[in-house]
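Asker: What follows is a structure written as structure tokens; I'll ask about it next.
Every number in this text was worked out from the coordinates using simple rules, so none of it is lab data. Bear in mind that the values here come from a model prediction, so they are computed numbers and not experimental data. Note that we place each Cβ from the backbone using ideal geometry, even for glycine, and neighbour counts take in every protein chain shown.
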Amino acid sequence: HTIPERVALEINSLSFAYPEQAQMALRDISLRVEAGQHIAILGRTGCGKSTLLQLLTRAWEPQQGEIRLNGEALGQFDETALRASTSVVSQRVHLFSATLRDNLLLAAPGASDAELSEALSRVGLEKLLEDAGLNSWLGEGGRQLSGGELRRLAIARALLHDAPLFLLDEPTEGLDAETERQILDLLATVTRDKTVLMVTHRLRGLANFDSVIVMDNGRIIEQGHHADL
Ligand code: ATP
Ligand code: MG
């Protein structure tokens, strides 16, 4: 598989229940996302937003329906190609017990120290470089990060990975208003030509998205431009 430059998605009648769960987490979801479109996903807690993003990374296989990436069934992609095609900021960010450098390199194995430092400063985390620089030990036995620092580290990883599809699960959760604005501006800039699905609870800024999807109880209940909802 070559890595596509642009990504269009097609989700057809997707239904999914987690293992051992009687309740469906996703019910008959259908959605088309054209290459370069920016989609916001809204809905109350537990309605299935994160589950939908996770199925797009093939973390789980649906019981019914299918997802197509540029016309090809997601199941046909090899894992490496799929990972190279998607930049993910998940809701629960995982910090490895490793150096700051290695925590970033896992998203971009070939990146130079200069590139890693630049990504950190773009998300406002240059402070992390103060003590031991990229050799600082993070996680167990080292420095723990605040919730907001963790999210920005995840965003730095996503920037470094620089894939054509961005899957962002509440990327600014826990950030103060000023930092949130900076991060959203940054994300808007770097994803201008990319396809974006972003889960958000904030209503401000929705007009910047091509389409807004509202989910409830595993279903899409509304879809359209912010101005028409
Ligand atoms: P939030 O806004 O709180 O993040 P969400 O819309 O992202 O909510 P999901 O995390 O997708 O919601 O969860 C959808 C449903 O699936 C919920 O009822 C949740 O309890 C359930 N669920 C989520 N993860 C699992 C799991 N690993 N195993 C079993 N059930 C799960
Ligand atoms: Mg969620």
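Asker: Give the distance, in whole Å, between the Cα centre of the range 32-61 and the Cα centre of the range 152-226.
Answerer: Cα centres, the range 32-61 to the range 152-226: 11 Å.
Asker: Using θ = phi - 60° and the Karplus form 6.51 cos²θ - 1.76 cosθ + 1.60, what ³J(HN,Hα) does each residue of the range 51-60 get, whole Hz, x for Gly and Pro?
Answerer: Residue by residue, the range 51-60 yields 4, 4, 5, 5, 5, 5, 9, 6, 5, 9 Hz.
Asker: What are the ³J(HN,Hα) couplings of the range 19-36, residue after residue, when phi is run through the Karplus curve with 6.51, -1.76, 1.60 and θ = phi - 60°? Round to Hz, x for glycine and proline.
Answerer: For the range 19-36, the Karplus curve yields x, 6, 9, 6, 6, 6, 8, 10, 10, 6, 7, 10, 6, 10, 10, 6, 4, x Hz.
Asker: May I pose another question? Scanning the chain for GluC sites (Glu not before Pro) in DSSP loops with at most 14 other Cβ atoms within 10 Å, what's the longest stretch left with none?
Answerer: 35-129
Asker: Pick from Ala73, Ala119, Ala156 the residue whose mean-square fluctuation is largest in a GNM of the chain, springs joining Cα atoms under 10 Å.
Answerer: With Cα springs under 10 Å in the chain, the top fluctuation among Ala73, Ala119, Ala156 is at Ala73.
Asker: Would you please give the residues with an amide H less than 5 Å from that of Ala25, counting only those at least 5 places away or on a separate chain, with H modeled from the backbone geometry?
Answerer: Here Phe16, Ala17, Tyr18 satisfy the definition.
Asker: What is the dipole size for the chain, taken about its Cα centre, with +1 at each Lys and Arg Cβ and -1 at each Asp and Glu Cβ, in debye to the nearest 20?
Answerer: Its charge dipole is roughly 300 debye.
Asker: Hey, another quick one. What does the charge add up to near Gly75, with Lys and Arg as +1, Asp and Glu as -1, over the other residues with Cβ less than 14 Å from its Cβ?
Answerer: Surrounding charge for Gly75 is -4.
Asker: Pull up the DSSP beta bridges for the chain and report the antiparallel fraction as a percent, rounded to 5.
Answerer: 50
Asker: Identify the trypsin sites (Lys or Arg not before Pro) of the range 138-195 meeting these criteria: DSSP loop state and at most 16 other C-beta atoms within 10 Å of the C-beta.
Answerer: Arg192
Asker: Taking square-rooted eigenvalues a ≥ b ≥ c of the alpha carbon gyration tensor, is the range 128-193 rounded, prolate or oblate, where a/c under 1.5 means rounded and, failing that, a/b exceeding b/c means prolate?
Answerer: prolate
Asker: Right, something else. What do you get for the angle between helix 177-190 and the principal long axis of the chain? Use alpha-carbon atoms, 0 to 90 degrees, nearest ten.
Answerer: Its long axis makes an angle of about 70 degrees.
Asker: Now, a different point. In nm, to one decimal, how far is the Asp210 label point from the Glu118 one, both placed 7 Å along Cα→Cβ?
Answerer: Inter-label distance under the simple model: 2.8 nm.
Asker: In the range 35-121, with Lys and Arg counted as +1 and Asp and Glu as -1 at Cβ, which of these residues, Leu55, Leu106, Gln76, has the Cα nearest the positive end of the dipole, that is, farthest along it?
Answerer: Positive-most Cα among the choices belongs to Leu55.
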